[in-house]
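See structure below.
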Amino acid sequence: MTDDHVSAHEAEEDARNDELMLWLNGRIVAKRDAVVSVYDSGFMLGDGVWEGLRLHDGRWAFLDDHLDRLFEAAKAIDLDIGMDRDGLTDALEATRLANGMQSDAHARLMVTRGPKTRPFQHPALSRQGPTVVIILEHSRPVQPRPIRMATVPHIRGLPMTQDPKLNSHSKLNCVLAAIDAEKAGADEALMLDVHGFVNTTNSCNFFIVRKGEVWTSTGDYCMNGITRERVIEICRAEGIPVFEKNFSLVECYGADEAFMTGTFGAQTPVGEIDGRVIGSGQIGPVTLRIRALYKALIQQETS
């Protein structure tokens with residue numbers, strides 16, 4: 001990693017994160033005591049699903065959407081979470097109160113198929129019930145400069161292999177993409193779809209701005225991002241032309257602006273793709289407008 005590497009998930013250092021309290025299978029435990037078995041399906045096979053949530057003014061932004069996505073993913077992989085929506089909401093609140101958090105916090109809610117009786121693949125070997133963990137950190141995003149991106153050979157694939165809409169613990173494809181981007185001197189990987197069109201990044205959804213129009217991928221091969229959907233809704237509500245469409249790297253290189261979206265960083269500006277400076281290389285006016293509108297939406301959602 002280069003000395004000036006930045007991330008879409010760059011956060012301020014916070015000493016309070018050394019003494020966190022976490023949720024682990026129905027108990028609030030100290031960070032140092034929050035351990036799971038080496039036989040756990042998540043550790044052994046990446047067999048699980050997760051959600052990332054942001055805390056604003058004591059409330060979880062777009063909580064219903066995150067829970068919808070989590071339960072849909074669990075159903076898709078035939079995983080019984082063992083808790084209902086109210087139970088998970090109560091667990092998030094208990095973890096929040098245990099840490100005395102009110103805002104600028106990020107939760108990672110993880111569910112795996114649980115410990116296995118033997119170290120093999122078949123899900124029937126997971127007989128002890130799921131593992132449910134909530135990691136809640138003090139987390140204020142910082143962005144020292146716009147992100148540099150590099151296109152990588154790892155693609156977002158077809159749903160009959162591993163559906164890219166699934167927010168699973170099996171992230172090796174994206175990890176390899178991130179490694180290749182780093183070796184190319186970039187901060188984040190730009191990933192194409194099976195047809196060679198621009199799709200997403202290794203950790204976020206991706207947008208460009210061309211002549212006042214906002215473009216993002218068709219959504220066929222990317223995570224159904226909640227922030228992505230909110231940006232599309234904001235643009236439509238505010239009369240900003242927005243299109244979910246196929247577009248090429250050439251069209252990216254000629255874009256006026258580019259940005260990534262995600263629960264943590266909201267709208268993160270992209271200044272460079274494959275060594276080409278995008279627009280001015282700084283955050284652009286359309287991105288700034290969307291960022292302000294999104295911030296207002298968050299305040300409305302959590303008020």
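The values are calculated or read from the model by the stated rules, or taken from the named source; none is laboratory data. Every value quoted in this text rests on a predicted model; they were computed, and no experiment measured them. Note that each Cβ is placed from the backbone with ideal geometry, even for glycine, and that neighbours are counted across all protein chains shown.
One residue is enough: does the stretch 123-142 have a residue meeting the conditions within 19 Å of residue 221 (Cβ to Cβ) and of a type in the set (A, V, I, L, M, F, W, C)?
No, because not a single residue in the stretch 123-142 is within 19 Å of residue 221 (Cβ to Cβ) and of a type in the set (A, V, I, L, M, F, W, C).
Return the residue satisfying two criteria in turn: it lies in the stretch 84-116 and is closer than 18 Å to residue 131 by Cα and hydroxyl-bearing (Ser, Thr, Tyr), and of such residues it is surrounded by the fewest Cβ atoms within 10 Å (Cβ to Cβ).
That would be 89.
Find all pairs meeting these conditions: Cβ atoms under 9 angstrom apart; at least six residues apart or on different chains; first residue within the stretch 165-180 and touching a residue at least 60 places away in the same chain (Cβ under 8 Å) and in the same structural domain as residue 218 (by TED's automatic domain parsing); second residue outside any loop (DSSP other than H, G, I, E, B) and of a type in the set (D, E, K, R).
Listed pairs, sorted by first residue: 167/51; 167/69.
With respect to the numbered conditions (1) buried (at least 20 other Cβ atoms within 10 Å of the Cβ); (2) more than 19 Å from residue 165 (Cα to Cα); (3) basic (Lys, Arg), which one is the sole condition not fulfilled by residue 276?
(1)
Out of the strands (runs of 3 or more DSSP E) lying entirely within the stretch 238-303, which hold 1 or more residues that are within 28 Å of residue 182 (Cβ to Cβ)?
Answer list for the stretch 238-303: 257-262, 266-273.
Determine whether residue 37 is hydroxyl-bearing (Ser, Thr, Tyr) and under 30 Å from residue 269 (Cβ atoms).
Spelling it out, it is not the case that residue 37 is hydroxyl-bearing (Ser, Thr, Tyr) and under 30 Å from residue 269 (Cβ atoms).
Test residue 132 against the criterion of being hydrophobic (A, V, I, L, M, F, W, C), buried (at least 21 other Cβ atoms within 10 Å of the Cβ) and assigned by TED's automatic domain parsing to the domain that holds residue 62, and give yes or no.
Yes: the conditions hold for residue 132.
Among (1) in contact (Cβ under 8 Å) with a residue 40 or more places away in the chain; (2) surrounded by fewer than 20 Cβ atoms within 10 Å (Cβ to Cβ); (3) of a type in the set (Val, Ile, Thr), which single condition is residue 200 missing?
Looking at each condition in turn, residue 200 falls short on (2).
Anything in the stretch 3-47 that is part of a strand (DSSP E or B) and either out of contact with any Lys or Arg (no Cβ under 8 Å at 6 or more places or on another chain) or modelled with pLDDT under 95 (or both)? List them, or say none.
11, 23, 24, 27, 28, 29, 30 - these are the residues of the stretch 3-47 that are part of a strand (DSSP E or B) and either out of contact with any Lys or Arg (no Cβ under 8 Å at 6 or more places or on another chain) or modelled with pLDDT under 95 (or both).
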